[in-house]
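Reading through the structure tokens given below for one structure.
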Amino acid sequence: MRHVESVQEFLPLNNIVPSESALSTVEPRLRAMVDALPAYIAYVDTELRYTMVNRTYEEWFGRPASEMLGRTVGEVLGDSLRNVQEHLKAALKGETQRFEARLRTVTGDRVLFVVHLPDRDETGAIRGVIIHGHDVTDRVLAEEQLRLSEERLRLALSAADGVGTWDWDVTADLVRADPTFARLYGVPLSRAAIGAPIAAFTRNIHPEDAERVGEAIARTVEACGDFAAEYRLLMEDGTVRWVFARGRCTLAENGISHRFPGVVIDITARKQGEEALLQTEKLAAVGRLASSIAHEINNPLESVVNLLYLIESSSTETETRTYAHVAQDELARVSQIVTQTLRFFKQSTLPSVIRPAELIDSIVTLYRGRLANSAIEVKLEIRDEASGLLCEGEVRQILNNLVGNAIDAMREHGGQLTLRARGVSDERNGGKGVRLIVADTGTGMGRETLNHIFEPFFTTKGARGTGLGLWVSKQLSEKNHGRLRVRSSIDPRRHGTVFSLFLPYVSAESVAS
């Protein structure tokens, strides 16, 4: 392998001329350093003839220096690299060239980042070109894979109706979004493409959801974690759309939240389906209650008919009064059943003040006949008379489902139904609310059943069940920002099920708004 004539020929040292002894010491060291570099280095003169190549250049192109030195680039590398020669000619005119080149080397096809640097002598005249190149194949392949992934994602999102993406630069407060996201949030496409403040996208979140979503966004940015939320959007035409948004915040090098990308899905159709299921369950509840009410009303009416016959045939005034009093009690019972039934179905959409004792008593009244026929003892534990604002109709529907299920669980062998209520503080935020317990000594549920009881259409009652009662109860409890939990045991020594429902009281300010 031949060296250049001198160090100065390859790397001019600003007119500093070293001594011959210094050159004899420096030049071998410099050559060793150049040969050790993982990048290739070569030098060509004004006729594009090689005058120097390092060891990496030899290895990549599979030729020893003896076969390259003194020959032109075209003779060594062939016409396939004509564009490289064009870059070299431009460098000879004084233009520094930087470009990527795909070359076939002995180790395979590689992508190289190449620099052609004009080399000038003391007078400024160009006397050759320094060639430097390093392997960027891995980076280029990674970028190509990223582009392919992004293209596949764009195709998938375009095929999925109602799916949009956003990317929020938290530091600059600029949200860039695709057309679907911009359309859902009422932001012009041109503005969403270049970026708009996050306030432009959150302004049409439904007023009832705005505070909750805003707090979730703030927590995500503060903790730099994951974000997931379901909420409503008010569209320009006055309609309401439901969306599910999921994102993740990332940190900058200084440890501050930097980017917050994510995806949003229009789930309006799913929500409409859930609403239809809620109405279906309500209709099913009508059928179940109708059966219970027919039985409950039939018994006192039969008693009234018999009592009227006794009044007609009684011989004394005392007997007549006694029979008439009993008949009035039975008719009052009928009236109470009808009243509680109407309260179940004529539900107000606004919260009202509820006393737990009255609520539980009304549910027990509706099921009094089934409780007696199934030999079920009712135990009431109302620890206090705390009351607060709740959506009575929805709470009543939850309790009706839970009590009905408890009776079904004890229908064959009887047992004890325990109903508890007490005012409590929310363990999460300290807010006031009520905890309602429905416990039975029925057959209980195994682990597999417990894993599915809140799923729609899952039932263990066969043709007698719709599989919607507990699903509806769960949905209603979450709608009212409550929590419905369950424990159950099938142990023969201690079996039964306990449902615990916590519901926070609604503030007067929320009702007013």
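The values are calculated or read from the model by the stated rules, or taken from the named source; none is laboratory data. These figures come from a predicted structure and were not determined experimentally. Here Cβ is always computed from backbone atoms with ideal geometry, including for glycine, and neighbour counts include all displayed protein chains. Please note that ligands, DNA and RNA were not included when accessible areas were found on the heavy atoms of the full protein model with its side chains. Shrake-Rupley method; radii C 1.70, N 1.55, O 1.52, S 1.80 Å.
Taking amide H atoms as placed 1.01 Å from N in the peptide plane, the amide H of Gly128 lies under 5 Å from those of Asp119, each 5 or more residues away in sequence or on another chain.
Rolling a 1.4 Å probe across the protein heavy atoms gives region 52-130 an accessible surface of 52 Å² per residue.
Other residues with beta-carbon under 11 Å from the beta-carbon of Ala409 carry, at +1 per Lys or Arg and -1 per Asp or Glu, a net charge of -1.
The protection proxy used here, the mean number of other Cβ atoms lying within 10 Å of each residue, ranks peptides 264-275, 171-182 as follows, highest first: 171-182, 264-275. A simple count of charges around Asp226, restricted to other residues whose Cβ falls under 14 Å of its Cβ and scoring Lys, Arg +1 and Asp, Glu -1, yields +3.
For region 371-480, applying the loop criterion from DSSP together with a ceiling of 11 other beta carbons within 10 Å to the GluC sites (Glu not before Pro) yields Glu412, Glu427. The loop-placed GluC sites (Glu not before Pro) in region 91-131, going by DSSP, that have at most 10 neighbouring Cβ atoms within 10 Å of their Cβ come out as Glu122.
In nanometres, what is the gap between the two model label sites at His206 and Glu377, each 7 Å from Cα along Cα-to-Cβ? A separation of 4.6 nm, rounded to one decimal place. With just the Cα atoms defining each centre, how far is region 30-66 from region 191-223? Give it in Å. Cα centres, region 30-66 to region 191-223: 58 Å. Whole-percent P(r), region 50-99, all Cα pairs, 5 Å bins from 0: 4, 19, 24, 27, 20, 5.
Counting charges near Val136 (Lys, Arg +1; Asp, Glu -1) among other residues having Cβ under 14 Å from its Cβ returns a value of -2.
Shown here for region 396-469: trypsin sites (Lys or Arg not before Pro) in loop regions (DSSP other than H, G, I, E, B) with at most 12 other Cβ atoms within 10 Å, namely Arg428, Lys461. Overall, the anisotropy analysis places region 167-213 in the oblate class: the square-rooted eigenvalues a ≥ b ≥ c of its C-alpha gyration tensor yield a/c not less than 1.5, with a/b not exceeding b/c.
Please work out how much length the chain gains when fully extended from Val240 to Leu308, using 0.36 nm per residue of separation minus the C-alpha to C-alpha distance, in nm with one decimal.
Working: separation 68, 0.36 × 68 = 24.48 nm, distance 5.82 nm.
Result: 18.7 nm gained on full extension.
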